[in-house]
Structure formats: structure tokens, C-alpha cells
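These notes concern the structure reproduced below.
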Amino acid sequence: MPIFLILIAVLFCTDAFSAAQGSGVALGRTLAGRYGAQGFDSLSSISFTFNVKRSALAVSRTWTWKPKSDEVTFKGIVSGPKESTVTYSRSMVSKDSALKKIDAWFINDQYWLLFPLHLTWDNALVLTENKNIGMPIGNKPATQLIVQFPPAIGYTPEDKFILYVDNNDTIREWSYFHGGKGEKPTVSARWLDYKSFGPLLLSLDRPFANDAGHVWFTNVGIKTIRQP
């Protein structure tokens, strides 16, 4: 798996929590609310640049997403040295194989940025809550929220995520298990550099454990429906 595609979860839907299950459902709702799920409908667009560096690889991709129309604009390198700009409707992805590669990147990158909101957006989640678990990087006690996606949904079904949440309902670390398999995570990262953007609370800096890499976000901006 290319390192710049290390996190791709389900193709999200917005009619979600009716099928969620497990002891962590209430905490999932709390986190989604803290990170801005209730105010997301006020946004007409969100833009950001996803950056990742690991070993000799460095990738940046810039996105603008209009949630109401589900229109996405991508700016970055698709192939070769030249940068491209592509605008597409996500409803057309299944009919255009050329868009699937870009759309997979979009899902990956916005999951990194907006994952807590997906705790109420995505269907059929299994969430398990455990108290007083040591964080993998910081070793401090935290509440552990295990999130598992079902099989046969999305680009990488059965992905598993373990969130480590402090007493203020703030995510401090997470671990990702590609395909939900194995005891060793594909990647663990801290959640740092929190900033507010309208209704959203976002972590913009995600250094990996053992200095193994780094994901960070730049050029973050939102427009609300009331703005011109």
C-alpha cells in the first residue's frame, strides 16, 4: 500500500447511527459533537491541503469539498511531474474509472482531517469503549474507543481505528489497523495543533510514533452558507 494512502475507510453516508452498535456509541456521539458535527450543515465548502512525509516520500494534495452538492476539486499530481486540477461530482465516480484513484485519495485525506465526524456519519460502525488504557505513544491513561468498519463496504473494508481520548473528550492519539488485522497497528500518531474553524475543531498535526512519518494540514478554510 502506498504510504500516502495509509488511511482509507468506507464511502461515508449521512444516515448513520441507527446501525451503530457497541459500548462506545455514546462516546462516539460525544466526540462527533465536540468536533463539529452539528454545525457541519452550515458549511458550503471546506478546503485544505493534506501533506504526508515518510522516509524519502513527500506528498501534498489540495482539496475543496462542497458537501451540499458533493462536488470535489482536487489539485495535485496524478501522474508525471505536472500538477493537475480536477473537479468532479462524487455521484459520477462509479461511472468513471479514471476518477476512482482521485476519489480514493479524497476519502483518505478527509478521513484524516474529519474522522470524528464520521463517528455519526458512517453506517454499521462497531464502537467499543475501554477506560484507563495507556496511550501507545504518550503512555498516559486515556479512554480507548475502538472503531471497526464492516466487511464489503468502501475502498478498504474492515479497517479498525483505536482512538485515545482524554478527560475533556479530546482525541490525543490514534492507531490504525489496515483491514482490521494484526496486533501491531499500521500507523500510530499523536493529534496535535488543535484549531477551530467555524463550528469545526480540527487537529492539524499528526506526527507518527517513533518518528516514522508525519501527516499535517495546511491552507485550511471554510465557507458558510451565509457567506458570499
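Taking a virtual spin label 7 Å from the Cα of ILE225 along the C-beta vector, which residues in the stretch 57-73 bring their backbone nitrogen under 13 Å of it? Under cut-off, by backbone N: 67-69. If R0 is taken as 22 Å, the Cβ-Cβ distance between LYS101 and THR73 corresponds to a FRET efficiency of 0.90. Count Lys and Arg as plus one, Asp and Glu as minus one, and take only other residues whose Cβ is under 12 Å from that of LYS66; the net charge is then +1.
Counting Lys and Arg as +1 and Asp and Glu as -1 over every other residue whose Cβ lies under 12 Å from the Cβ of ALA37, the net charge comes to 0.
At R0 = 30 Å, how high is the FRET efficiency between SER23 and ALA58 if r is their beta carbon distance? Nearest 0.05 is fine. Intermediate results must be reported in sequence, preceding the final value.
Details: r = 40 Å, r/R0 = 1.33.
That pair, SER23 with ALA58, gives E of 0.15.
Counting Lys +1, Arg +1, Asp -1, Glu -1, what net charge surrounds PRO207 among other residues with beta carbon under 13 Å of its beta carbon? Summing Lys and Arg as +1 and Asp and Glu as -1 gives +1.
Please go through the stretch 176-228 and write out the trypsin sites (Lys or Arg not before Pro) that DSSP classes as loop and that have at most 14 other C-beta atoms within 10 Å.
Loop-located and lightly packed - LYS181, ARG226.
Shape class of the stretch 101-149 from the Cα gyration tensor (axes a ≥ b ≥ c, square roots of the eigenvalues): oblate, since a/c reaches 1.5 or more and a/b does not exceed b/c.
If each residue of separation counts as 0.36 nm, what is the full-extension length gain between ASN132 and SER44 once their alpha-carbon separation is subtracted?
That pair, ASN132 and SER44, stretches by 27.8 nm at full extension.
Out of every Cα-Cα pair that the chain contains, those further apart than 26 angstrom amount to 34 percent.
Each residue, THR218 and ALA124, gets one label point 7 Å from its Cα in the Cβ direction; the gap between the two is 3.9 nm. For the stretch 48-155, the square roots a ≥ b ≥ c of the C-alpha gyration tensor eigenvalues yield an a/c of 1.5 or more together with a/b not exceeding b/c, which makes the shape oblate. In this Cβ point-charge picture (+1 for Lys and Arg, -1 for Asp and Glu), the chain has a dipole of about 360 debye about its Cα centre.
Restricting to DSSP H runs of at least four residues, report the calculated mean residue ellipticity at 222 nm for the chain, -39500 (n - 2.57) per run over all residues, nearest 500 deg cm²/dmol.
Taking each H run of at least 4 residues, the total per residue is -5000 deg cm²/dmol.
What is the angle, in °, between the Cα long axis of helix 25-34 and the longest principal axis of the Cα atoms in the chain? Nearest 10 is fine, range 0 to 90. Taking Cα atoms only, the helix is inclined about 50 degrees.
Just so you know, all these numbers are worked out from the coordinates, no wet-lab data involved. Quick caveat, the model's predicted, so the values are computed rather than measured. Methodologically, a virtual Cβ is constructed for each residue, glycine included, from the backbone with ideal geometry; neighbour enumeration extends over all protein chains shown.
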